[in-house]
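The values are calculated or read from the model by the stated rules, or taken from the named source; none is laboratory data. Just so we're clear, the structure is a prediction, and the values are computed from it rather than from any experiment. When we count neighbours, we look across all protein chains shown, and the Cβ atoms used for this are built from the backbone with ideal geometry, even at glycine.
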Amino acid sequence: MKIVFIISSLGTGGAERALSLLASSFANHGDDVSIATFAGRRVTPAYFLHPQIGVHNVDEDLQGKSLLYKVKGVFRVLSKIKSFVKDKAPDVVVTFMDQTNVLSLIALRSEGIPVVVCEQIHPEYSSLVNPRQFFFVRACARLFRNFCYSRASGIVVVARQSKDALPKWLIPKVHVIQNPVARPQLEPTEIRLPPQSIVALGRLEEQKRFDILIRAFALIHEKYPAWELFVFGEGSKREALEKLISDLGLGSVVHLPGITNAPYQVLKQAEIFALSSDFEGFPLSLGEALASGKPVVVTNCPSGPAELVQHGVNGYLCPIGDYRAFASHLEKLVSSTGLVSRMGESAKISVEKYSLERIFYKWRELLISVQGKSSSGRKA
């Protein structure tokens, strides 16, 4: 099978890691795999890719440009996506993330090639349907996205809650396939964490609400001064988080080490994993923490955490934005090594159903089923 994957970039992130795992699995099984990106600059992929996978960068950087340039840039991206796919002549195209999904469906609307789109975030919180937009703008964006998705041969969402957020007339095309959780691999790293460490992984952006996590940690720090918090990632909120850490007097115990390319090595050294997001899709870092045998404290946000976490069994689910509840559940774990151990054992077992092998075969079955159908549902 000849497959083209399309994603905006291959930098760090859950969607990028999921695509890298799936693309490499297809290549390992003898499929012809190519990846197209349009990150605006050539970036070395953040995650391992099978050496036979070709990566092509459309190379359109629209950041900081005028509106006219951006409009022209979008048309150039559409033209280059179309040209790249026509040149590769794949059996199927797979796209990741909402904006890329829409651009690809528009670019390939008349090519007669099946396109499967993958939503990596809950559809009501994606970049196109941004909750911060005015109601009318958001409603128009949602309608436009859904119309474009109706032209897809298949729509993949990574959590059941995400499926429920899409309109009923799209449901026949929707498939729930969670992101794969790869077996723990201990990558080389110079990072060394102290024995009593809580770890979080993610972009330092508003969505992740690391301010909630830091405030929660502050509530338990005085009683448990030996514990330290490490938040791995980069983003626009670094300065604000550094100020919060300083204002709370936590400079010696809360750390922002930056991006790590060795998540499993970091997780191996941690005692507890924390996720404080307002919304997710199917958080891969949470799956990796569970696979590493770590108990978790997470917000019960849309979507993904409730499918991964059994409250009181392999971790705790907390209300969104409630740092006091978050602190209360953290304290249950930091105060009991026995509880950490028991929940850690349950954590490993809980994610076996999301193994890379199982998720790969679900994707393979879907891609085989859509071959020969155009993105509008007609026979190619």
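Strands (runs of 3 or more DSSP E) wholly in segment 146-231 with at least 1 residues that are under 19 Å from T12 (Cα atoms) and out of contact with any Ser or Thr (no Cβ under 6 Å at 6 or more places or on another chain) - which ones?
Those strands (runs of 3 or more DSSP E) span 197-201.
What tally of residues in segment 323-338 results from selecting those that are surrounded by 14 or more Cβ atoms within 10 Å (Cβ to Cβ) and touching a residue at least 12 places away in the same chain (Cβ under 8 Å)?
9
Return only the number of the condition from (1) within 14 Å of A274 (Cβ to Cβ); (2) surrounded by fewer than 14 Cβ atoms within 10 Å (Cβ to Cβ); (3) among the aliphatic types (A, V, I, L, M) that I349 does not satisfy.
Single failed check for I349: (1).
If you take the residues in segment 161-188 that are within 29 Å of V231 (Cβ to Cβ) and exposed (fewer than 15 other Cβ atoms within 10 Å of the Cβ), which one is modelled with the highest pLDDT?
Per the criteria, the residue is R183.
Please go through segment 257-298 and give me each residue that is within 16 Å of the chain's Cα centre (by Cα), in a helix (DSSP H, G or I) and polar (S, T, N, Q), ordered by number.
Matches in segment 257-298: S285 only.
Note down all Cβ pairs under 7 Å where the first residue falls in segment 1-28 and is farther than 13 Å from Q120 by Cα, the second is of a type in the set (D, E, K, R) and buried (at least 21 other Cβ atoms within 10 Å of the Cβ), and they're at least six residues apart or on different chains.
What qualifies is S9/E16; L10/E16.
Checking the conditions here, which among G40, G30, G54 is modelled with pLDDT under 85 and assigned by TED's automatic domain parsing to the domain that holds T95?
Being modelled with pLDDT under 85 and assigned by TED's automatic domain parsing to the domain that holds T95 holds for just one of G40, G30, G54, which is G40.
Going by what's in this entry, would I349 be described as assigned to a helix (DSSP H, G or I) and either without any contact (Cβ under 8 Å) to a residue 60 or more places away in the chain or touching a Cys at 6+ places or on another chain (Cβ under 7 Å) (or both)?
yes
Which of the residues that make up segment 195-223 are touching a residue at least 24 places away in the same chain (Cβ under 8 Å), farther than 17 Å from S292 by Cα and surrounded by fewer than 15 Cβ atoms within 10 Å (Cβ to Cβ)?
K223
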